[in-house]
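Written below as structure tokens is the structure these notes are about.
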Amino acid sequence: MKYCQGLYPIIRKENPAAEVYGLVILCPEIAAIAKCGQFVNIRIDGFTLRRPVSICEIDRQKGTLRIVFQIRGKGTDAMSLLNPGDLIDMVAPLGGRGFTLQEGANAIIIGGGIGNPPMLELAKFYGGNATVISGFRNAAAVILQEDFKSTGAKTFLCTNDGTAGEKGFVTDILGRELQTHTPDIICACGPMPMLKGVAAIAKEKGIRSEVSLEERMGCGVGGCLVCACRTVKDGEEIFAHVCKDGPVFDSKEVFPNE
Amino acid sequence: MNENRLETVFCGIKFKNPIIPASGTFGYGREYEEFYPLSSLGGISVKGTTGKRRNGNLPPRIAETPSGMLNSVGLQNPGIDSFIEKELPYLKTKNTVIIANIAGSTVSEYEEIAGKLDSTDVDMLEVNISCPNVKAGGAAFGVSCEGAGTITKIVRRATKKPVMMKLSPNVTDIASIAKACEAEGADAVSLINTLLGMRIDINIRRPILHNNVGGLSGPAVFPVAVRMVWQVANAVNIPVCGMGGVSSWEDAVEMMLAGASLIQVGAALFTDPMTPVKIIDGLEDYCRRQNTDLKDIVGTVKPW
Ligand SMILES: Cc1cc2nc3c(=O)[nH]c(=O)nc-3n(C[C@H](O)[C@H](O)[C@H](O)COP(=O)(O)OP(=O)(O)OC[C@H]3O[C@@H](n4cnc5c(N)ncnc54)[C@H](O)[C@@H]3O)c2cc1C
Ligand SMILES: Cc1cc2nc3c(=O)[nH]c(=O)nc-3n(C[C@H](O)[C@H](O)[C@H](O)COP(=O)(O)O)c2cc1C
Ligand code: FES
């Protein structure tokens with residue numbers, strides 16, 4: 001693994017939904033080695049801690065990364081004020097384990113809310129072999145639907161209140177899809193209750209599944225041990241670290257009792 | 001004239017420069033080797049090691065604060081045997097000084113760990129009697145002269161390696177604790193460990209840290225650390241390793257003027273992993289401009 005740290009130019013900015021921003025960053029040295037499911041750690045002036053944000057898209061040819069984030073507090077608020085032409089201080093690519101990329105396999109890819117961005121690069125990999133299920137609070141929060149469609153994947157959209165797509169939860173659609181076909185792998189990112197639900201369904205059906213987790217971070221590389229996550233591996237309790245052992249984990253390790 | 005103006009000798013050990021990543025913020029160095037060669041560092045103070053493996057506290061273990069952060073890791077580590085077997089051989093190939101940071105919940109645990117390290121090739125021991133995140137130990141010894149003296153005496157007896165006692169700032173008179181360590185045979189003291197703090201999430205009305213409280217570090221504690229280094233350096237005749245909020249070469253110089261011969265850098269690594277090498281570069285320039293060897297500035301602040 002190699003980490004880069006530097007100031008990289010922002011070349012594009014988007015605002016796909018209220019309080020959600022996307023940046024395309026020119027960083028060929030990072031784009032060349034970044035893997036699906038990894039993240040970048042962003043320094044913002046005036047803050048001690050960097051902010052981790054998942055990689056949404058990697059374009060090796062152009063040497064760019066795309067990130068999409070939601071304003072959740074003062075740090076992401078300051079990040080939303082960055083503009084094309086500005087430089088962004090990143091440490092990347094981080095994450096010792098991304099999503100498993102299995103050539104020729106069928107995947108169901110699930111994103112909940114701001115857990116959708118990291119699933120785009122994955123959907124691009126599986127293309128026509130993927131089914132993407134996106135869930136949001138309501139129509140105003142919906143992002144990335146055109147991007148998911150253009151990967152060639154079969155796509156489903158749902159919202160909690162039914163203002164866009166179907167009314168309901170991603171787990172409802174997952175359950176329905178599993179009645180008609182069985183994928184080789186299920187991958188998900190989103191709020192913990194959603195991940196737990198996905199893990200339970202995957203376990204019941206005996207399908208391998210991977211989840212991408214969030215935890216508050218210090219170093220982002222595995223040196224400070226603050227980003228602990230309780231996992232169970234071969235019956236043994238292990239406090240793994242989201243930044244280095246993840247952020248993607250086998251769902252059985254994270255939810256051993258589901 | 002020495003061509004390496006940053007070189008210093010501390011407890012009889014040669015450091016090519018005085019900059020050391022602080023215990024608990026740098027793991028065993030492996031991760032940071034992806035940024036720069038570990039040989040560029042003066043030394044490495046490794047993650048605090050206990051007698052047996054510890055899982056540490058439940059997350060969240062970190063909270064941001066104005067110009068700083070709280071942590072409540074709770075000494076997660078694989079235990080002394082695993083450290084000696086799996087980490088030390090790797091570290092010893094890195095051509096830098098290896099400082100084993102140790103902690104225990106009982107006097108005999110300190111004794112056991114120090115004894116085990118005595119026959120290894122770690123260069124020196126840093127004895128943590130100041131971890132605020134573990135209920136049953138560490139800090140309980142560091143907050144009284146008797147406790148600090150007792151641990152110093154036990155570790156001193158268990159090893160011939162240089163012993164550096166790491167002091168807690170959560171005390172009324174840090175100089176008297178440093179003196180108690182010196183009296184029982186400590187070769188050096190290091191300070192400061194983190195200051196006990198707390199943050200509350202006002203929306204859910206619960207502490208951010210699962211441990212409720214945690215240790216404050218980063219730039220916010222720097223002036224406190226400088227003051228304590230100065231008080232301790234004036235009170236003892238053994239050398240002082242200073243830390244607490246150092247994030248630039250200017251901070252390092254300031255802490256050395258206050259009396260620190262070595263400097264550890266912790267939280268600043270999270271803001272910028274390149275901090276140690278940037279500090280080393282800055283110190284080289286400073287020595288060139290001031291035409292001085294760095295060790296000659298230690299403790300030279302002229303108080304009013
Ligand atoms: C591996 C990983 C990938 C992520 N990917 C994305 C993404 O693609 N898009 C996106 O919008 N968000 C993502 N997040 C969440 C994002 O890091 C937080 O929303 C952000 O750190 C909040 O910062 P703030 O200053 O706005 O909020 P504040 O609440 O003011 O932040 C205070 C502190 O808590 C930390 N913190 C708060 N919430 C979180 C959280 N959910 N996860 C981790 N740390 C947190 C902050 O980093 C900061 O140190 C990711 C988190 C992780 C760990
Ligand atoms: C995440 C984290 C973990 C730490 N773990 C240890 C430890 O295991 N042993 C120890 O003696 N000090 C530990 N410390 C304290 C630091 O070594 C240092 O004394 C303190 O953070 C002050 O320096 P700073 O302001 O540069 O971070 C830890 C600090 C942090 C931030
Ligand atoms: S954030 Fe430091 S170990 Fe994960």
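The values are calculated or read from the model by the stated rules, or taken from the named source; none is laboratory data. In this text, all values refer to a predicted model and were calculated from it rather than measured experimentally. Note: ideal-geometry Cβ built from the backbone for every residue, glycine included; neighbour counts use all protein chains shown. The area values use the complete protein model at the heavy-atom level, side chains included, leaving out ligands, DNA and RNA. Shrake-Rupley method; radii C 1.70, N 1.55, O 1.52, S 1.80 Å.
Going through the range B:245-266 one residue at a time, which ones are among the small types (G, A, S), under 30 Å from A:G222 (Cβ atoms) and part of a helix (DSSP H, G or I)? Residue satisfying the conditions is B:A252 alone.
Among the strands (runs of 3 or more DSSP E) confined to the range B:3-86, the ones with at least 1 residues that are within 16 Å of ligand 1 (Cβ to nearest atom) and of a type in the set (D, E, K, R) are located at B:62-65. Residues in the range B:144-160 that are outside any helix (DSSP H, G or I) and under 17 Å from the mean Cα position of the chain (by Cα): how many? Residues that pass the stated criteria total 0.
Can we say B:G42 is closer than 30 Å to A:G73 by Cα, open to solvent by less than 30 Å² (accessible area, probe 1.4 Å) and not hydrophobic (A, V, I, L, M, F, W, C)? Considered against the rule, which asks whether it is closer than 30 Å to A:G73 by Cα, open to solvent by less than 30 Å² (accessible area, probe 1.4 Å) and not hydrophobic (A, V, I, L, M, F, W, C), B:G42 comes out as no.
Going through (1) surrounded by fewer than 21 Cβ atoms within 10 Å (Cβ to Cβ); (2) in contact (Cβ under 8 Å) with a residue 60 or more places away in the chain; (3) in contact with a helix residue (DSSP H, G or I) (Cβ under 6 Å, 6 or more places away or on another chain); (4) among the hydroxyl-bearing types (S, T, Y) one by one, A:T163 falls short only on (2).
Any residue at all in the range B:69-81 that is crowded, with 20+ Cβ neighbours inside 10 Å, touching a strand residue (DSSP E or B) at 6+ places or on another chain (Cβ under 9 Å) and more than 14 Å from chain A (Cβ to nearest Cβ)? Yes - at least one qualifying residue is present in the range B:69-81. Check A:V232, A:V248 and return the single one that is surrounded by 24 or more Cβ atoms within 10 Å (Cβ to Cβ) and not assigned by TED's automatic domain parsing to the domain that holds A:G113. Exactly one of A:V232, A:V248 is surrounded by 24 or more Cβ atoms within 10 Å (Cβ to Cβ) and not assigned by TED's automatic domain parsing to the domain that holds A:G113, namely A:V248. Looking across A:E237, A:E214, one residue alone is within 14 Å of chain B (Cβ to nearest Cβ), in a strand (DSSP E or B) and surrounded by fewer than 21 Cβ atoms within 10 Å (Cβ to Cβ). It is A:E237. Consider the range A:69-89 and keep the residues that are surrounded by 15 or more Cβ atoms within 10 Å (Cβ to Cβ) and in a strand (DSSP E or B). The one that is nearest to the other protein chains (Cβ to nearest Cβ) is A:D89. Any idea which of (1) open to solvent by less than 60 Å² (accessible area, probe 1.4 Å); (2) part of a loop (DSSP other than H, G, I, E, B); (3) more than 24 Å from A:A240 (Cα to Cα) is the one A:R66 doesn't satisfy? All conditions are met except number (2). Of the strands (runs of 3 or more DSSP E) lying entirely inside the range A:98-162, the ones with 2 or more residues being under 11 Å from the mean Cα position of the chain (by Cα) are found at A:107-112. Exactly one residue among B:A225, B:A220 is closer than 23 Å to B:L196 by Cα, among the small types (G, A, S), in contact with a Pro (Cβ under 7 Å, 6 or more places away or on another chain) and part of a helix (DSSP H, G or I), and that residue is B:A220.
Residue count for the range B:267-304 under the criterion of being open to solvent by less than 20 Å² (accessible area, probe 1.4 Å), in a helix (DSSP H, G or I) and aliphatic (A, V, I, L, M): the result is 7. In the range A:240-258, of all residues being away from chain B (no Cβ under 13 Å), in contact with a strand residue (DSSP E or B) (Cβ under 7 Å, 6 or more places away or on another chain) and acidic (D, E), the one that is farthest from B:N77 (Cα to Cα) corresponds to A:D250.
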